[in-house]
Amino acid sequence: MKAYLEYADIELIEGAATCLRDRLLVRILFRLGCRVSEALALKVSDIDFERGTVTVLHLKMRIRLSCTGCRARLGKRHQFCPECGEEVSEAQKRQQEHRRVRVLPVDKHTLEILKDYVGRDLLTSYSGPILLFSLNRHRAWQIVRDCAKRAGLAGLVNPETGRMRGVSPHRLRDAFAVNAMKLDDSGDALRLLQEHLGHASFDTTARYRKIAGEEHRKWYERLSQWTHIWGEPLFLPIARNKLLLPPY
């Protein structure tokens, strides 16, 4: 079973879409590698057709706790304030909008599909800016799942737990990251991928290198070429279904 979707699988999913909106949704999720919440929040004004870019806004709500007396920052498990020492009975909750904006490049074919989609005047807005997709998260999940089923794609294996999981919008984002790592898993490429995906932690991006397996494969290829041990290769040909190792 597969652990991630390959490029050919994405083409099958996109080709199984029943309308231009669904096809564009699948393409945006994979080609931009964005989160489903980011894709559904895209506005027509976020698309720069001249420069060929899309501005993605990542909005995350963070709850901060503070002491009512000295305003010191508190953790969820604090029973006493670390600054003034008073017992924490009620902490002041303050929600802050953490906004991160990144500008992502768009390939020419996707840009042409966007022009066609926007130019059909099918988008409506009763209040506020015009959204590219008037969908909720559940409906977007259904669209991706149904397209995958029509394409004949089975579920994927979670590489960490070994459990089966269906094709979802986030699996398209994962596919972008893993295929990018297969193409180039250098340090610079990993940093650019982190910026493209909008990861705050480098470790979150680095796990895609493990899933892609390119680093492990290259290490093994270098290992199999060692010939300095007694002048013989480290791994000898298999004979009688047994792996012959150099004499020790």
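Coordinate-derived values only; no laboratory data. Just so it is clear, the model here is predicted, and its values are computed rather than measured. Neighbour counts are summed over all protein chains in view; Cβ atoms, including those assigned to glycine, are modelled from backbone coordinates with ideal geometry.
Under the 0.36 nm per residue contour assumption, what length would be gained going from the current alpha-carbon distance of T68 and E50 to full extension?
Working: separation 18, 0.36 × 18 = 6.48 nm, distance 5.10 nm.
Full extension of this stretch gives 1.4 nm more.
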- Task: Could you list which residues have their amide H under 5 Å from that of L74, counting only those 5 or more apart in sequence or on another chain, with H placed in the peptide plane?
- Result: L65, S66, C67
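With all pairs of different alpha carbon atoms counted, what Kirkwood hydrodynamic radius in Å does the range 100-204 show?
On the way: mean 1/r = 0.0594 Å⁻¹.
That comes to 16.8 Å for the range 100-204.
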- Task: Holding the Cα-Cα limit at 25 Å, pick out from K2/K218; K2/K210; K43/K182; K2/K149; K43/K108 the pairs that are longer than that.
- Result: K43/K182
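If r is the Cβ-Cβ distance from R137 to D188 and R0 is 35 Å, what FRET efficiency results, to the nearest 0.05? Mind dumping the intermediate values first?
Details: r = 34 Å, r/R0 = 0.96.
Working from the Cβ atoms, E equals 0.55.
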- Query: Sequence-distant or interchain residues sharing an amide H contact under 5 Å with R102, placed H: which?
  - Reply: V56, H58
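Want the number for R150 to D116: 0.36 nm per residue separation, take away the alpha-carbon distance, what's left? Present the calculation step by step, with values, prior to reporting the outcome.
On the way: separation 34, 0.36 × 34 = 12.24 nm, distance 2.46 nm.
Gain in length upon complete extension: 9.8 nm.
Mind checking the full-extension length gain between H170 and S201? Use 0.36 nm per residue of separation minus the Cα-Cα distance, one decimal, nm. Each step should come with its number before you reach the end.
On the way: separation 31, 0.36 × 31 = 11.16 nm, distance 1.78 nm.
Contour length minus the Cα-Cα distance gives 9.4 nm.
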